[in-house]
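Take a look at the structure set out below.
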Amino acid sequence: MQCRENHYFSSMEKNLRRQFSQQFGKEALLAAAPGRVNLIGEHTDYNEGFVLPGAVDKRIYTAVSRNDKNVLNLYANQYAQQLSFPLDDIQPVDGWPTYLLGMIFFLKKLVHLEGGLDVLIDGDVPVGAGMSSSAALCCGFGFALNELFDWGLTKMELAVVGQKTEHLFAGVQCGIMDQFAVLHGKAGHLMKLDCRSMAYEYIPFDFPDYKIVLVNTMVSHSLAGTEYNIRRQQCEEGVSIMQKHFPSGHSLRDFSQEQLMKYKNDIPDPVYRRCIFIINENDRLLEGCKFLTAGDLQKFGEFMFLTHEGLSRLYEVSCPESDFLVEKSRSMPGVVGARQMGGGFGGCIINIVKEDKVENFASQIADLYERRFDKRPEVYITRIEDGVKIL
Ligand code: GLA
C-alpha cells in the first residue's frame with residue numbers, strides 16, 4: 001500500500017514539476033495537502049466542542065515559486081484556467097482564487113512578503129463534497145509559502161490564517177476543524193481536537209478489517225454557505241438565552257441537556273433543536289472515543305447513525321439524497337455506521353464497512369442511488385494518511 005502511495009506521489013510530482021517549468025520557466029516548491037474525513041462531532045467546532053477528523057489519501061497539490069512583479073499568477077489544472085491578480089490591493093473575488101488571495105492577505109499581517117508568486121494547482125479532492133477541498137487548498141498553499149520563505153509559522157498559526165480566509169474571503173463562518181486536520185493529520189490516526197483549548201490527541205483508527213467508504217451524493221452544497229452561517233447564529237442565540245440563567249457559560253458545551261430542557265420555553269423552536277443537537281453530538285463524540293479505544297466499532301457505528309438522525313431532524317442540514325443513502329446503507333451487509341459528513345446539504349456520506357463487503361456495498365449503493373436520483377454517486381474507499389507535506 002505504502003509503495004503504491006509513494007509511486008502515486010512521485011508520478012504526480014514529476015508531472016507537476018514538468019508542467020510548472022514549461023509554464024513558468026523555472027523550478028517550483030511543491031506541497032501536497034490532504035482532504036479530511038470526520039468520524040463524529042459535526043458542527044461542534046464553532047461551538048467550542050470536540051471533533052474527530054482524519055486526513056485522507058486525496059490531495060490538493062500546490063507548486064509555487066516567486067516572481068518579481070507583485071502579481072499572483074495562477075493556473076489550476078482542474079479548471080484549465082490561467083489567471084493573474086495584482087497584489088497591491090487584495091480583495092475577495094468569485095471562485096477558487098479567493099482562497100489564495102485571502103491566504104496572502106492574512107499572511108501579510110504576520111510576516112513580510114514582497115514580490116509576486118507563480119502558482120500551479122492540481123489534485124483529486126472533490127469540490128463541494130464535504131471533504132474540505134478549500135481548507136486543503138488554503139493550507140497547502142500557506143504551508144508551501146511558509147517553507148519557501150522560511151517564516152517559521154506553526155501549523156496552528158497557518159490553520160488560523162486558513163480559517164480567517166474562509167470567514168472573510170469566502171463568507172463562511174466555519175470552525176477550525178478542517179484547517180487543523182489538513183495540517184496535523186497522521187497516518188492511521190484520528191485527531192480528537194478540543195476546539196476550545198485547541199489541545200488534541202491522536203487516536204489510532206486500528207480496524208484492519210474495516211474501511212472508511214465515502215459515497216458522494218454529487219449534490220454540491222450551494223445552500224451551505226448561508227445556511228451554515230445561520231446555524232452558527234442560532235447556536236449563539238441559544239447561548240445568550242442560557243447565559244441569563246448560567247452567566248458563567250460561554251458556549252453550548254457548557255450546558256447539559258437537562259439544563260437546556262429546563263428553559264425550553266425561553267428558547268424559540270428552531271434554536272432549541274439546534275442546541276439540543278450540538279449538546280448531544282458533543283456527548284456522543286466523547287462517549288464514541290471510548291468505544292473506539294475499547295475496539296467497539298459496532299457501538300461507535302450506532303452513534304454515527306444517531307448523528308445523522310440529529311443532523312437531519314434537529315439541525316436540519318441534510319437533504320433527501322443524503323437521507324436516502326444513510327437509510328439504504330443501514331440495511332446493507334457489513335455496514336456498522338453511516339452519516340452525512342461535513343457542512344451539510346449533500347456532499348459525502350461516510351460509511352464504515354467490513355472490508356470483505358466493501359465491493360458489494362459500493363456497487364449496490366451506487367445502483368440504488370442512480371435508480372432513485374438518476375445520477376451515479378462516486379465512491380471513495382479511503383485511508384487515513386499524513387497531513388500536509390513538502391514533496
Ligand atoms: C465545515 C466547516 C467546519 C465544520 C463542519 C461541520 O466543514 O468548515 O468548520 O463546522 O463544516 O462539522
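Label residue 264 and residue 294 with points 7 Å out from Cα along Cα→Cβ: what is the distance between them in nm?
Modelled inter-label distance: 3.0 nm.
Over the Cα atoms of the range 210-382, how large are the radius of gyration and the largest Cα-Cα distance (Dmax), in Å?
For the range 210-382, the Cα radius of gyration and maximum Cα-Cα distance read 17.6, 54 Å.
Can you pull the one-decimal nm distance between simple spin-label points at residue 330 and residue 371, each 7 Å off the Cα toward Cβ?
Modelled inter-label distance: 1.9 nm.
Rounded to whole Å, give me the distance from the Cα center of the range 50-81 to that of the range 159-188.
Cα centroid to Cα centroid, the span is 14 Å.
From the phi angles alone, apply the Karplus equation (6.51, -1.76, 1.60; θ = phi - 60°) to the range 202-213 and give each ³J(HN,Hα) in whole Hz, x where the residue is Gly or Pro.
In residue order, the calculated couplings are 8, 10, x, 9, 10, 10, x, 8, 10, 10, 8, 10 Hz.
Describe numerically, in nm with one decimal, the distance between label points set 7 Å from Cα along Cα→Cβ at residue 248 and at residue 84.
Result for the modelled spin labels: 6.1 nm.
Calculate the tail of P(r) for the chain: the fraction of all Cα-Cα distances greater than 32 Å, expressed in %.
In whole percent, the share of Cα-Cα pairs in the chain beyond 32 Å is 34.
Counting Lys +1, Arg +1, Asp -1, Glu -1, what net charge surrounds residue 325 among other residues with beta carbon under 11 Å of its beta carbon? Write out the running numbers ahead of the final one.
Numbers: positive: 328, 330, 339, 372; negative: 321, 323, 327.
Charge balance in the 11 Å sphere: +1.
Determine, for each peptide in 233-243, 252-262, the mean count of other beta carbons within 10 angstrom over its residues, then list the peptides with the highest first.
Going by the mean number of other Cβ atoms within 10 Å, highest first, we get 233-243, 252-262.
Enumerate by residue number the GluC sites (Glu not before Pro) in the range 20-122 meeting two conditions: DSSP loop (anything except H, G, I, E, B), and at most 14 other Cβ atoms within 10 Å of the site's Cβ.
Listed in order of number, the matching sites are 27, 114.
For residue 77 and residue 197, calculate 0.36 nm times their separation in residues minus their Cα-Cα distance, and state this gained length in nm to one decimal.
Between residue 77 and residue 197, full extension yields 39.4 nm more.
Long-range amide H contacts for residue 205: which residues qualify at under 5 Å (H placed 1.01 Å from N, peptide plane, sequence gap of 5 or more or a different chain)?
Sorted by chain and number, the residues that satisfy this are 189, 190.
Where does each of 342-349, 280-287, 263-270 land if you order them by average Cβ count within 10 Å, highest first?
342-349, 280-287, 263-270
Let me have the 222 nm mean residue ellipticity of the chain computed from DSSP H runs of 4+ only, each contributing -39500 (n - 2.57), with the sum over all residues rounded to the nearest 500.
Numbers: 11 runs with 165 residues, N = 391.
Result for the chain, helices only: -14000 deg cm²/dmol.
Go through 154-167, 123-136 and give me the packing order, highest mean Cβ count within 10 Å leading.
123-136, 154-167
Scanning the chain for helices, which whole DSSP H stretches are 18 Å or more long along the axis (Cα) and average -1.0 or more by Kyte-Doolittle?
Counting only whole DSSP H runs, the qualifying helices are 133-149, 224-243, 269-293, 297-313, 358-373.
Suppose the chain between residue 381 and residue 229 were pulled fully straight at 0.36 nm per residue; how much longer would it get relative to their current alpha carbon spacing?
Fully extending the segment from residue 381 to residue 229 adds 51.7 nm.
If R₀ is 35 angstrom, what is the calculated FRET efficiency for the pair residue 69 and residue 124, using the beta carbon separation as r and rounding to 0.05?
Efficiency for this residue pair is about 0.70.
So if each residue of separation counts as 0.36 nm, and I subtract the Cα-Cα distance between residue 111 and residue 11, what length gain in nm does that give?
Here the answer is 32.7 nm.
Computed from the coordinates by the stated procedures, all read-outs in this text should not be read as laboratory data. The model shown is predicted, which means the values in this text are computed figures rather than measured ones. Heads up, the Cβs are rebuilt from the backbone with ideal geometry, glycines too, and the neighbour counts pull from every protein chain shown.
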